[in-house]
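Below is one structure, written out as structure tokens; the observations come after it.
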Amino acid sequence: LLLLLCVRTSAEKKEEEIFIPRYDWIVIGAGNAGATIARKLLDYFPTQTVLLLEKGLDNLDPVFVSNTCTPEPHFINTTFATSCTWPAIVSPRRFIITPALAFYSSTPQPQLPNSRTVTFLAGNVVGGGTSTNGLIAFRPLREEFEKFTSVSGLEEYGYHSMLPYYKKIEKNQDSIPAVFWDRRGNKGVVPVTDDKVGTIYNEEKLLQSVISNNISPTDINSLQLGGFSKAQHTITTDGRRASSAVNYLDANTRKNPRFKLITQAVVQRILFYKIGTIVTAIG
């Protein structure tokens, strides 16, 4: 049983403690993982309550649908900081901020020219990065899974171990060639669709071009490495951004009396209780 004693909201001008009821589960952060976990806890424990805390805005907040934080799928917020991306409150070693930009920076990448770093923004909103990124649906390659397992020794995170989970969450909205049926899913909650940009004429001309150059059409999320494939995106059937907030925190979830979402809330500390060698978070 988790009990959150207090949270502080940025909406409050005075730093006052806000006491809230008891909850069976408290999830800190409503990003990609947090939104998913909160929904799964509701599904798996039908009598228990879940509190979901998010430092940023709600993706339904009017600010989020402004010009800088739009849920439209064509908008990719990767070039400038907004109220929907994280401010500079983390370690300066991994964070860069200028008057126009605020973004995370990776460690030097030896495979890139001059071992340069890679910078990217992190979503400060319900749904996290899935509410601000480019909506590209691209699984890691099988070779990348194999490299990870060979280095870590964690066979349970290998390609064939993880594939059932990728299939389980995916709701493919396009016709899947029979050769790829064993690798794709269409009964999950995350909609995946082919890139619809361009006319049919242009697509046919492009396909003819790659085939004439002995490049095989393939599926970007299949086992095959190399070839030609359309980009695939997480977009709803009505053409909206399919973030984790949309997919897992839908209207029915938000209306669930066992669920509570609090935004603009920062967790100051986590309380633990120790009995012998067993340590449990209690609030």
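The values are calculated or read from the model by the stated rules, or taken from the named source; none is laboratory data. Predicted, not measured: the structure shown is a model, and the values here were computed from it. Note that we place each Cβ from the backbone using ideal geometry, even for glycine, and neighbour counts take in every protein chain shown. SASA here: full protein model, heavy atoms, side chains in, ligands and nucleic acids out. Shrake-Rupley method; radii C 1.70, N 1.55, O 1.52, S 1.80 Å.
Taken over segment 240-265, the criterion of being part of a strand (DSSP E or B) and open to solvent by less than 80 Å² (accessible area, probe 1.4 Å) is satisfied by Arg241, Phe259, Leu261, Ile262, Ala265. Residues considered: Thr280, Thr237. Of these, the only one that is surrounded by 10 or more Cβ atoms within 10 Å (Cβ to Cβ), without any contact (Cβ under 8 Å) to a residue 12 or more places away in the chain and among the β-branched types (Val, Ile, Thr) is Thr280.
Only one of the numbered conditions (1) in a loop (DSSP other than H, G, I, E, B); (2) over 22 Å from Lys55 (Cα atoms) is not met by Val279, and that is (1). Starting from residues that are assigned to a loop (DSSP other than H, G, I, E, B) and over 23 Å from Tyr166 (Cα atoms), keep the ones in segment 18-38 and report whichever is modelled with the highest pLDDT. Ranking the candidates gives Asp24 first.
The set of residues in segment 147-162 being in a helix (DSSP H, G or I) and among the small types (Gly, Ala, Ser) consists of Ser150, Ser152, Ser161.
Yes or no: segment 86-109 includes at least one residue that is within 18 Å of Ser243 (Cβ to Cβ) and either small (Gly, Ala, Ser) or modelled with pLDDT under 85 (or both). Within segment 86-109, one or more residues are within 18 Å of Ser243 (Cβ to Cβ) and either small (Gly, Ala, Ser) or modelled with pLDDT under 85 (or both). Examine segment 163-172 for a residue that is modelled with pLDDT under 85, outside any loop (DSSP other than H, G, I, E, B) and β-branched (Val, Ile, Thr), and state whether such a residue exists. Among the residues of segment 163-172, not one is modelled with pLDDT under 85, outside any loop (DSSP other than H, G, I, E, B) and β-branched (Val, Ile, Thr), which makes the answer no. Each residue in segment 230-259 was checked for being of a type in the set (Lys, Arg) and either more than 22 Å from Ile37 (Cα to Cα) or modelled with pLDDT under 95 (or both), and 3 of them qualify. Checked against (1) part of a helix (DSSP H, G or I); (2) under 21 Å from Gly123 (Cα atoms), Gln268 meets all criteria but (1). The set of residues in segment 183-203 being assigned to a loop (DSSP other than H, G, I, E, B) and at pLDDT below 85 consists of Asp195, Lys196, Val197, Gly198, Thr199.
Filtering segment 104-146 to residues that are in contact with a strand residue (DSSP E or B) (Cβ under 8 Å, 6 or more places away or on another chain), open to solvent by 40 Å² or more (accessible area, probe 1.4 Å) and assigned to a loop (DSSP other than H, G, I, E, B) leaves Thr117, Val118, Asn133, Phe138. Being modelled with pLDDT of 90 or more, more than 27 Å from Leu52 (Cα to Cα), open to solvent by 70 Å² or more (accessible area, probe 1.4 Å) and more than 24 Å from the chain's Cα centre (by Cα) holds for only one residue in Ser150, Ser175, Ser212, and it is Ser150. Consider segment 153-168 and keep the residues that are open to solvent by 70 Å² or more (accessible area, probe 1.4 Å) and of a type outside the set (Phe, Trp, Tyr). The one that is nearest to Pro191 (Cα to Cα) is Lys168.
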